[in-house]
Amino acid sequence: MYNKYKYCNSLTEYSRLKTRTVKIGNLEIGGNNPIRIQSMTTTNTMDTIATVEQAIRMYKSGSELVRITAPSLKDAENLQNIKDELRKRGYDFPLIADIHFTPNAAEAAARIVEKVRVNPGNYVDKKKFDQIEYNDEEYKAEIERITERFSPLVKICKEYGTAMRIGTNHGSLSDRIMSRYGDTPLGMVESALEFVRICQAHDYHNLVLSMKSSNPQVMVHAYRLLINKMIAEGMNYPLHLGVTEAGDGDDARIKSSVGIGTLLEDGIGDTVRVSLTEPPENEAPVAKKIVAKYSTRNNSTPIKPIAEGTINPFIYEKRTAKHLVNIGDKNVPIVVADFSRQNIDYNTLEEIGYTFQNDKWNMSDSSADYIYLGNQIPEIELPQNLFGIVDFSKWSELKKQQSLYPLLTLNEYLTSKELSNKINFLSISINDLSNEILLKIKNDSSIVIVLSTVNKNGMIEQRRAFGGLIEKEMETPVIIRRNYHLEDSEQLVIDSSTDLGALFLEGLGDGIWISNSGNVSLEKINLTAFGILQATRTRITKTEYIACPSCGRTLFDLVEVTNKIRSRTNHLKGIKIGIMGCIVNGPGEMADADYGYVGSGVGKITLYRGQKVVERNLNQEVAVDRLIQIIKDDDNWVEKV
């Protein structure tokens, strides 16, 4: 029987979604094969040696497949020279041609490389952002037009044994799809499936599908919905995962881990690319760290099954929680900083966003809301907006300190007669949630649950715990806590972003608490917590940059320009700026950006407000200044403090 919410094998047991095996040269993906890693070159495709040498560096860094842009027929034909040079040097990893607006380039490339990637939003259509009303007959005629234009590529791929990725991007949906389905995950799915059905009509199945977006929430919903639709139509094509235009640095690693990791948690995904606005050799190592988390998932503590449909997996819907001080209800998720292994002084509080100057505390946008002290007594007066959490045994001695609240074990909660009349933090795991305990907590208006786990499938277990609360119609606020023992700061960023971000994407959690016993700074942990909330769009505290990862189409130095724009705008809380190397990636790919900086020619930049052109073909030397002036003209500019 078809389940309208079905998108993975199980919500409580880690299990890879079984897809068909697709052969790409000497490599297989899908089926029982490992999750494959891939990346994309940034060189000019016509520069054979530079492309070859970069591809080799990418392969050595862990990329099992290498994608190369082919924006023209000439570029596509040069793929033969690139392939020949790689084979001459002893490298036989598969090559992928990246195609957007040029069917003739796709058809040429399909005769040369092992795989072609087409974007259904612009392979046949030219996006004009027109709203067109189609009746059923007119829409059918459009599909016939697409079939006629796309079928030659399908036939070539079938003849040459070439694989194809039908890769939908959120920001480049055709006007036809936008007119019928809107700018939605469903529109993304239907955009791909229209092309898949054409392939199937030719009995061609060597396909991989993807649903990329710079917004992890949209990306996750689209992949889940795609699987649901494939199940309904008897399809099982492998899935390539990626968050497009993720940017650089920790923000990009957080955003990618949130999106990709959320799907991998449910056993979804056969190949992965992490898109960074950095040298492409940096991408595969990050992807490998994300994927490696799932190599031992089958050896975990069993979790009690839950009925399908407790949480709608295709939309964002925040779980209802009652209001306690500044937690729950309509409050943004709070951040708890763990000082249980750290001395509390003016310098250490600076690491979590508080600076003491001229006898007063100053806050940043990334200042933690609560601080866990363990058994410590703060020797300095805490900032007015920072509340302390102490172990119950210590709180019993300090009850009169209004800014301190107790953290209780379940036994302390059940046996203690005197608790805080404002907030009591109760540390529990799924194993503590008996019907009797749930009823007691439900009737106690002072409790905030601190939900922990030691399960290897920790995200799945914590999600199951939320399911139990929802089944009992409980509105007790919940802080999600994860404990790590990591020395590698990048691994901490990746693991916590996956473990916690997946839950916040589903509307679960009223606070975030990351603890780590390894040698990672409090500042890094605190910024990671805020970064996870930013990536899941649940708490916005900084500027967001939607920057493409560069490729052979890029018309300026993306890393240099991104850093220049960031240095002048990183104080604009909540503003989203798209930085796109060429017209292929803009304005479409920066679908939900407020402003756009897009390469439109060599040394030329076009500026956007949303998806509308404001100034066209500016000299690059003045473009950043003009971008800032547009932001000022819109009254969205504030001066740096």
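No value in this document is a laboratory result; all are computed from the given coordinates. Just so you know, these numbers come straight off a predicted model, no measurement behind them. Methodologically, a virtual Cβ is constructed for each residue, glycine included, from the backbone with ideal geometry; neighbour enumeration extends over all protein chains shown.
Specify, per residue and in Å³, the volume enclosed by the convex hull of the alpha carbon atoms belonging to the chain.
In the chain, the Cα hull volume divided by residue count equals 158 Å³.
For K88 paired with E28, estimate the spin-label separation in nm (one decimal), with each label point 7 Å from Cα along the Cα-to-Cβ line.
The modelled label-to-label distance comes out at 3.3 nm.
Just to be sure I understand: if I project the alpha-carbon convex hull of the range 22-292 onto a plane and average over all orientations, what area do I get in nm²?
13.3 nm²
To the nearest 10 degrees, how steep is helix 216-232 against the longest Cα principal axis of the chain, on a 0 to 90 scale?
Roughly 60 degrees, rounded to the nearest 10.
Assuming a strict under-24 Å limit between Cα atoms, what lysine pair count do you get for the range 422-487 once near-sequence pairs (fewer than 8 apart, same chain) are dropped? Don't skip to the end; give the middle numbers.
Values: K422/K440; K422/K442; K422/K472; K440/K472; K442/K472.
Going through the range 422-487 pair by pair, I get 5.
Name the aspartates and glutamates eligible as straight-distance cross-link partners of K18: C-alpha to C-alpha under 13 Å, and not fewer than 8 places from it in the same chain.
D266, D270
Mind checking the angle between helix 185-201 and the chain's longest principal axis? C-alpha axes, 0 to 90 degrees, to the nearest 10.
40 degrees
Angle, helix 489-505 long axis vs. longest principal axis of the chain, Cα atoms, 0 to 90°, nearest 10?
Helix 489-505 sits at roughly 90 degrees to that axis.
Shape call for the range 334-535 from the C-alpha gyration tensor, a ≥ b ≥ c root eigenvalues: rounded (a/c under 1.5), prolate (a/b greater than b/c) or oblate?
Oblate.
Using a Cα-Cα cut-off of under 18 Å, which aspartates and glutamates could be cross-linked to K83, ignoring same-chain neighbours fewer than 8 residues away?
Filter leaves D47, E53, E64, D75, D92, D98, E107, E114.
Exposure proxy check: L27, L153 ranked by fewest other beta carbons within 10 Å?
Result, fewest neighbours first: L27, L153.
For a footprinting-style exposure proxy, rank R253, R539 by other Cβ within 10 Å, fewest first. Intermediate results must be reported in sequence, preceding the final value.
On the way: R253 25, R539 19.
Listing R253, R539 from fewest to most nearby Cβ atoms yields R539, R253.
I'd like the trypsin sites (Lys or Arg not before Pro) in the range 403-441 restricted to DSSP loop residues with at most 15 other Cβ atoms within 10 Å, sorted by number.
On the way: sites: K417, K422, K440; in loops: K417, K422.
Answer by residue number: K417, K422.
Could you put F101, F387, F425, F195 in order, starting from the residue whose Cβ has the fewest other Cβ atoms within 10 Å? The partial results should precede the final answer.
Details: F101 17, F387 22, F425 28, F195 25.
Final ranking by Cβ density, sparse to dense: F101, F387, F195, F425.
Helix-only estimate, please: 222 nm mean residue ellipticity of the chain, summing -39500 (n - 2.57) across DSSP H runs of length 4 or more and dividing by its residues, to the nearest 500.
When only DSSP H runs of four or more count, the value is -11000 deg cm²/dmol.
Here are some pairs, K212/K255; K293/K542; K60/K212; K255/K289; which of them have Cα atoms lying more than 20 Å apart in this structure? Spell out each step's value before the answer.
Numbers: K212/K255 12 Å; K293/K542 29 Å; K60/K212 26 Å; K255/K289 14 Å.
Going by Cα-Cα distance, K293/K542; K60/K212 fall outside the 20 Å limit.
Where nothing but the Cβ of Lys and Arg (+1) and of Asp and Glu (-1) is charged, how large is the charge dipole of the chain around its Cα centre, in debye to the nearest 20?
Here the chain has a charge dipole of around 1020 debye.
Name the shape class, rounded, prolate or oblate, that the alpha-carbon gyration tensor gives for the range 1-68, where a ≥ b ≥ c are the square roots of its eigenvalues, rounded holds for a/c under 1.5, and otherwise prolate holds if a/b is larger than b/c and oblate otherwise.
Taking the square roots of the gyration eigenvalues as a ≥ b ≥ c, the range 1-68 is prolate.
Enter the Cα centre distance for the pair the range 280-304 and the range 191-232, rounded to the nearest angstrom.
Using only Cα atoms to place each centre, the spacing works out to 23 Å.
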